[in-house]
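Below is one structure, written out as structure tokens; the observations come after it.
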Amino acid sequence: QVQLVESGGGSVQAGGSLRLSCAASGRSFRYDVMGWFRQAPGKEREFVARITWSGGSSYYADPVKGRFTISRDNAKNTVYLQMNSLKPEDTALYYCAAGRFSARSAPSGYEYWGQGTQVTVSS
């Protein structure tokens, strides 16, 4: 079983920054891709960013390009999401997820999910 635990959420004003962490654990944990998703009230879960464990290749959704940075620490089995220049529309519950090599931007491509951490950005 794989466990993913997010942390680092909170409330900030527009223009502020937050860094989310996702610690992965479990027997023989090794998934190829780690992703961040978010879900605002009344909206569908949407892709934010993903990164590969091996080469560190990263991909971003258009709304966060240039503001968010995903990174990973293989030794700690932890993935981070640095969020800068936050906007009120970034307010959502943020989830990390683990998937196989084929995982891309669709939530269905990911097998394990964390419980989420709330990010609230006020104007």
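The values are calculated or read from the model by the stated rules, or taken from the named source; none is laboratory data. Keep in mind it's a predicted model, so treat the numbers as computed, not measured. Using ideal geometry, Cβ is built from the backbone for each residue, glycine included, and neighbour counts are taken over all protein chains shown. Just so you know, the surface numbers come from the protein's heavy atoms only, side chains and all, with ligands and any DNA or RNA stripped out. Shrake-Rupley method; radii C 1.70, N 1.55, O 1.52, S 1.80 Å.
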Q) Of Leu86, Ser102, Tyr59, whose Cα points farthest to the positive end of the dipole of the range 56-108 (charges on the beta-carbon: +1 Lys, Arg; -1 Asp, Glu; origin at the Cα centre)? A) Ser102
Q: Would you mind finding the longest exposed-site-free stretch of the chain, with exposed chymotrypsin sites (Phe, Trp or Tyr not before Pro) meaning DSSP loop and at most 15 other Cβ atoms within 10 Å?
A: 30-100
Q: Just the number, please: carbon plus sulfur as a percent of the accessible area of the range 1-76, 1.4 Å probe, no ligands or DNA/RNA counted.
A: 44 percent
Q) Just in the range 44-123: which trypsin sites (Lys or Arg not before Pro) are loop by DSSP and have at most 11 other Cβ atoms within 10 Å? A) Lys65, Arg100
Q.
Under 5 Å between amide hydrogens, which residues at least 5 positions from Gly116 or on another chain qualify, with H placed 1.01 Å from N in the peptide plane?
A. Glu6, Cys96
Q. Stretch Val5-Thr120 to full length: gain in nm at 0.36 nm per residue minus the Cα-Cα span?
A. 39.5 nm
Q | Proximal lysines relative to Lys43, as straight alpha-carbon distance under 25 Å, when same-chain residues fewer than 8 apart are discounted | A | Lys65, Lys87
Q) Given a cut-off of under 8 Å on Cα pairs at least six residues apart, what relative contact order in percent is computed for the range 1-108? A) 34 percent
**Q.** Heavy-atom surface of the chain, accessible at 1.4 Å and reported per residue (Å²)
**A.** 51 Å²
(Q) Please give the charge dipole size of the range 51-121, origin at the Cα centre, charges +1 on K and R Cβ atoms and -1 on D and E Cβ atoms. Round to the nearest 20 debye. (A) 140 debye
Q) On full extension of the chain, what length is gained from Ala106 through Asn74, given 0.36 nm per residue of separation minus the C-alpha to C-alpha distance? A) 9.1 nm
Q. On full extension of the chain, what length is gained from Gln39 through Ser54, given 0.36 nm per residue of separation minus the C-alpha to C-alpha distance?
A. 2.7 nm
(Q) Can you give me the long-range amide H partners of Ala40? Hydrogens built in the peptide plane at 1.01 Å from N, cutoff under 5 Å, separation of 5 or more residues or another chain. (A) Leu93
Q. Of Glu44, Glu111, Glu89, Glu6, which has the most accessible area and how do the rest follow, probe 1.4 Å?
A. Glu44, Glu89, Glu111, Glu6
**Q.** Using θ = phi - 60° and Karplus 6.51 cos²θ - 1.76 cosθ + 1.60, couplings along the range 113-123 (whole Hz; Gly, Pro as x)
**A.** 9, x, 8, x, 9, 7, 10, 10, 10, 9, 8
Q. Which value, in nm² and rounded to one decimal, describes the direction-averaged projected area of the C-alpha convex hull of the chain?
A. 6.9 nm²
**Q.** Residue-by-residue Karplus 3J(HN,Hα) for the range 103-110, coefficients 6.51, -1.76, 1.60, Hz, glycine and proline x
**A.** 5, 10, 9, 7, x, 5, x, 10
Q) Using r as the Cβ-Cβ distance of Ser85 and Ala61, and R0 as 22 Å, what FRET efficiency do you calculate, to the nearest 0.05? A) 0.90
Q | Residue-wise HN-Hα coupling along the range 76-89, computed from phi with Karplus coefficients 6.51, -1.76, 1.60 (Hz; x: Gly, Pro) | A | 9, 6, 10, 10, 10, 10, 8, 10, 10, 6, 5, 10, x, 6
Q.
Quick query: amide H of Ser105 versus all other amide H atoms, modeled in the peptide plane; which residues come in under 5 Å with a sequence gap of 5 or more or a different chain?
A. none
